[in-house]
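Working notes, structure below.
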């Protein structure tokens with residue numbers, strides 16, 4: 001009986017150790033944090049994290065899927081360069097209390113990109129479809 005209990009305990013530990021961990025991301029405290037987390041996640045190839053910091057609607061999901069596809073098409077060295085790239089914030093504009101416009105580039109690509117972050121239901125999220133206008 002002790003042997004059976006020991007095996008059940010060992011089996012339970014093994015199953016728990018092998019299960020995929022649930023990732024709990026902290027909500028952004030402000031628009032700048034949400035934008036930075038989203039951009040960093042995209043550079044590092046963590047698209048589940050990027051999705052967490054993004055407005056959840058079909059147009060945004062489609063755009064994020066195309067960003068992920070372009071990332072996956074890069075060779076190993078290209079993906080590694082992106083993971084090591086730093087975010088260069090050029091300007092932060094707050095037109096109102098629920099919108100932040102982040103103008104940025106990264107250390108690999110100096111072309112400025114505009115990212116719009118909005119506050120909805122007391123939650124800061126990137127609106128990718130608005131950013132691409």
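Some points to look at:
- Measuring nothing but alpha carbons in segment 23-131 and taking Rh as the Kirkwood radius, the Rg to Rh ratio lands at 0.95.
- With the convex hull drawn over the C-alpha atoms of segment 84-133, the volume per residue is 86 Å³.
- Approximate spin-label separation residue 87-residue 26, in nm, with each point projected 7 Å along Cα-to-Cβ: 1.4
- Applying 1/(1 + (r/R0)^6) with r as the Cβ-Cβ distance of residue 105 and residue 33 and R0 = 22 angstrom yields a FRET efficiency of 0.75.
Coordinate-derived values only; no laboratory data. Quantities reported herein were computed from a predicted structural model and do not represent experimental measurements. With ideal geometry, Cβ positions are generated from the backbone for all residues, glycine too; neighbour counts draw on all protein chains shown.
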